[in-house]
Amino acid sequence: MSNNLLKTGLFGLTGLALSACTQALAQRATPAPNAVPIVAQQAGPAAASLRDHAQETDIALLHKLVTETSADRIEADIRKLVSFGTRHTLSETESDTRGIGAARRWIHTEFERISAECGGCLEVIYVSDTISGETRIPDPVEVVSVVAIQRGTLDPNRMIVMSGDIDSRVTDPLDGTSDSPGANDNASGMAGAIEAARVLSKYKFPGTIVYMGLSGEEQGLFGGQIVAKHAIEEGWNIKGVINNDMIGNISGINGITNNTTARVFSEGTRDVETPEEARARRFTGGEVDSPSRNLARYIDRMADRYIPNLDVMMVYRLDRFGRGGHHRPFNAVGIPGVRIMETNEHYDRQHQDLRTEDGRVYGDTIDGVDFDYAAKLTALNIVSMAGIALAPPIPADVTIEGAVQPSTTLKWSRPTGTKAENLAGYRVHWRLTTDAQWSHSKFVGNVSEYTLENIVIDNYFFGVSSVAKDGAESPVVFPGAAGSYGGYETSQE
C-alpha cells in the first residue's frame, strides 16, 4: 500500500504536467497599483517539475508577506486605540478623542488611508443596526462595525475574512464611562486586522480579502450578527472568517510565559446542520470535519510552513469552555469561522476595572501586550488569507462512494469562466479517522472525480482541495453537507 500513499505536503504539486510550468509566474498574485512588485526567481531547467517551480514562487511570496508584517506598526495602532480611553459599545460617540465613536471613525480613516496608498483598492464601509432591549444593551444603541473589502481579480465575490473587535469593557458590562483601555482585548486583534490590510493591499489576488472591525462583542456579539446578516443580504460568498480576539498576551495566569504557541478554536459540526444531515453524518462521519474545522487545519499547516517558532494548538471546541467570540454569529448562519488567540490567558487583564488590590494589579493595559507576538499571529492570518485568496475556488458538491468496495471514489463540481483561470487541478486527501491532520494526499489533475484504488472507505476520512497553477491550495473539503463550504456559480459572470 505504501506506493499508493503519496505523503506530499499540503501545498505540493507533484504529478502536474510539465507544460504548465511556463504558466506559473503569470498566475501568481500581482502587485497592486503603486506597489513594489515581487520578482520571482527564474524558473529552472525545462526538466524541472511544476511542483519545484510552484514552491519557488508560492513560498517566496508568502515568506515575503511574513517579513512585511510590522510589530512597530501594530504597537502604534494598539496605543492609538488605547488612547480613546474607553471603546465600550455604550460609550461616547460624538467626541473626536474619546469613546467608541472616535475609535471607529479612526479605524475607517485608517482603512481609507491604506486604500489611497494602493490606488483605491479597498471599499471601506460602515455596517450598522440599532440594538435595544438586551441585557447588556437595554436602551437603543447604534452598533457600528467597519468593513474594508479588497476585491479579487478573478472571483470577486469569494471572500476570506479577518476580523478584530473594536469595543472594550471593564468589570461592569454596562459601564460605558470608566477608562477601559482594552489593550489586548481587543485592540491587539483590531490592530492586527489593520496591519493585514497594509500588507496585503500591496498585491492583487484572485479571491477577495476582507478586513473587519466588529463592534458590540462584549455586549453580546451583536456586531458579528449584524455583519453576518448584511453579508447574506448582499450575497457575499464568505468561505471563512478568521476572528482574532486577544493575540498579544504571552504570560498567563497559570504562570506560563510562552510566545511560540497559539490556539485556533473551531466548531466540530455545523451549527446549521439539519436533522436529516445529522442522520447522514452518523453513518458517514464528519463530526470533526466541518468547514470551520478544516479551515483550522489549513491555518495549522500554514503556521508550520511559513511562521518561524509558532506552533498552532487546534482546540476541538467552538471557543473557550462556556465562552464565546465573534466568529460564532457567522457559524450560526452557516459561514465557516474560527478564532485565533493566545494560548495562555491572564484573567486579571480581562474585563477588569483598573485597580490594585493587595498588591495585585488588574486591568487590560498596554504593558500586558507583547507586540512581537501580536505580529507573529497577525502574520499567520496574513499568509492564511493570502493562500486561500491565491487558490482557486474551494471544491463544491463533494461526494464520496465506495461502500463494500475495495476502492473509494470522490466527485466534485468544477468552476468555469474566470473563476477557473488559475485552476491547475485537484488534490485528494485521506487520513486515519483518529489523525488530527490530513496525512496522505495525491494530486489527480483537472478532473471532477477520482478513484483511490485499494483504499477502503471504511478505514479513512477523505477530502478534496483545489490547486492553483502557482502552487496555492485551498482548504480541504470533507464530502457531503458535513464538510461543505457552500457552492459557487459554475457560469462566468
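Taking the criterion of being over 18 Å from the mean Cα position of the chain (by Cα) and under 23 Å from Arg98 (Cα atoms), the residues of region 188-216 that qualify are Ser215, Gly216. Scan region 465-484 and give yes if some residue there is touching a helix residue (DSSP H, G or I) at 6+ places or on another chain (Cβ under 8 Å), among the small types (Gly, Ala, Ser), exposed (fewer than 15 other Cβ atoms within 10 Å of the Cβ) and closer than 25 Å to Arg279 by Cβ, otherwise no. Within region 465-484 (the criterion being touching a helix residue (DSSP H, G or I) at 6+ places or on another chain (Cβ under 8 Å), among the small types (Gly, Ala, Ser), exposed (fewer than 15 other Cβ atoms within 10 Å of the Cβ) and closer than 25 Å to Arg279 by Cβ), the answer is no, since none of the residues qualifies.
Scanning region 209-224 for residues that are in contact with a Gly (Cβ under 8 Å, 6 or more places away or on another chain) and surrounded by fewer than 24 Cβ atoms within 10 Å (Cβ to Cβ) gives a single hit, Leu221. Is it the case, given these coordinates, that Val456 is outside the structural domain of Arg151 (by TED's automatic domain parsing), modelled with pLDDT of 95 or more, under 24 Å from Ile160 (Cα atoms) and touching a Pro at 6+ places or on another chain (Cβ under 8 Å)? Against the criterion (outside the structural domain of Arg151 (by TED's automatic domain parsing), modelled with pLDDT of 95 or more, under 24 Å from Ile160 (Cα atoms) and touching a Pro at 6+ places or on another chain (Cβ under 8 Å)), Val456 does not qualify.
Say we look at region 277-299 and pick out the residues that are among the hydroxyl-bearing types (Ser, Thr, Tyr) and closer than 18 Å to Thr433 by Cβ; which of these is surrounded by the most Cβ atoms within 10 Å (Cβ to Cβ)? Outline the logic, then answer.
Taking region 277-299 as the starting set, the residues that turn out to be among the hydroxyl-bearing types (Ser, Thr, Tyr) are 284, 290, 292, 298.
Cutting the leftovers down to closer than 18 Å to Thr433 by Cβ gives us 284, 290.
Values: Thr284: 16, Ser290: 25.
Across region 277-299, the extreme among qualifying residues is Ser290.
Here is a yes/no grid of residues against (1) of a type in the set (A, V, I, L, M); (2) surrounded by fewer than 23 Cβ atoms within 10 Å (Cβ to Cβ):
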position: Val124; (1), (2): yes, yes
position: Glu134; (1), (2): no, yes
position: Pro138; (1), (2): no, yes
position: Val143; (1), (2): yes, no
position: Asp155; (1), (2): no, no
position: Arg158; (1), (2): no, no
position: Arg169; (1), (2): no, no
position: Gly176; (1), (2): no, yes
position: Ser180; (1), (2): no, no
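On the given criteria, is Gly240 in the same structural domain as Gln352 (by TED's automatic domain parsing) and either surrounded by fewer than 24 Cβ atoms within 10 Å (Cβ to Cβ) or over 19 Å from Gln350 (Cα atoms) (or both)? Taking the combined requirement at face value, the residue satisfies it. Take the conditions of a type in the set (Asp, Glu) and under 19 Å from Arg293 (Cβ atoms) and apply them to Asp435. Does it pass? Here the answer is yes, as Asp435 does meet what is asked.
How do the helices (runs of 4 or more DSSP H) wholly within region 260-354 filter down when requiring 2 or more residues that are aromatic (Phe, Trp, Tyr) and assigned by TED's automatic domain parsing to the domain that holds Trp236: which remain?
Numbers: elements: 275-284, 291-306, 328-331.
The helices (runs of 4 or more DSSP H) meeting that bar are 291-306.
Out of Ala403, Ala420, Ala386, Ala391, report the one residue that is under 30 Å from Ala197 (Cα atoms), free of Cβ contacts under 8 Å to residues at least 60 places away in the same chain and either small (Gly, Ala, Ser) or out of contact with any His (no Cβ under 7 Å at 6 or more places or on another chain) (or both).
Numbers: Ala403 fails: under 30 Å from Ala197 (Cα atoms); Ala386 fails: free of Cβ contacts under 8 Å to residues at least 60 places away in the same chain; Ala391 fails: free of Cβ contacts under 8 Å to residues at least 60 places away in the same chain.
Testing whether each residue is under 30 Å from Ala197 (Cα atoms), free of Cβ contacts under 8 Å to residues at least 60 places away in the same chain and either small (Gly, Ala, Ser) or out of contact with any His (no Cβ under 7 Å at 6 or more places or on another chain) (or both) leaves just Ala420.
β-branched (Val, Ile, Thr), crowded, with 24+ Cβ neighbours inside 10 Å, touching a Leu at 6+ places or on another chain (Cβ under 8 Å) and not in a loop (DSSP other than H, G, I, E, B): is that true of Val227 in this structure? Against the criterion (β-branched (Val, Ile, Thr), crowded, with 24+ Cβ neighbours inside 10 Å, touching a Leu at 6+ places or on another chain (Cβ under 8 Å) and not in a loop (DSSP other than H, G, I, E, B)), Val227 qualifies. Search region 130-151 for residues that are under 14 Å from Arg105 (Cα atoms) and pair each with any residue that is polar (S, T, N, Q) and outside any strand (DSSP E or B) when their beta-carbon atoms are under 7 Å apart and the residues are at least 6 apart or on different chains. What qualifies is Val143/Thr89; Val143/Ser215; Val144/Ser215; Ser145/Ser215. Of the set (1) small (Gly, Ala, Ser); (2) exposed (fewer than 15 other Cβ atoms within 10 Å of the Cβ); (3) touching a Ser or Thr at 6+ places or on another chain (Cβ under 8 Å), all apply to Gly119 but (3).
Counting only residues that are under 20 Å from Arg293 (Cα atoms) and charged (D, E, K, R), region 443-473 holds 1 of them. Here Ile78 clears all of (1) within 21 Å of Glu195 (Cα to Cα); (2) outside any helix (DSSP H, G or I); (3) modelled with pLDDT of 95 or more except the condition numbered (2).
The values are calculated or read from the model by the stated rules, or taken from the named source; none is laboratory data. Predicted, not measured: the structure shown is a model, and the values here were computed from it. We place every Cβ from the backbone using ideal geometry, glycine too, and count neighbours over all the protein chains shown.
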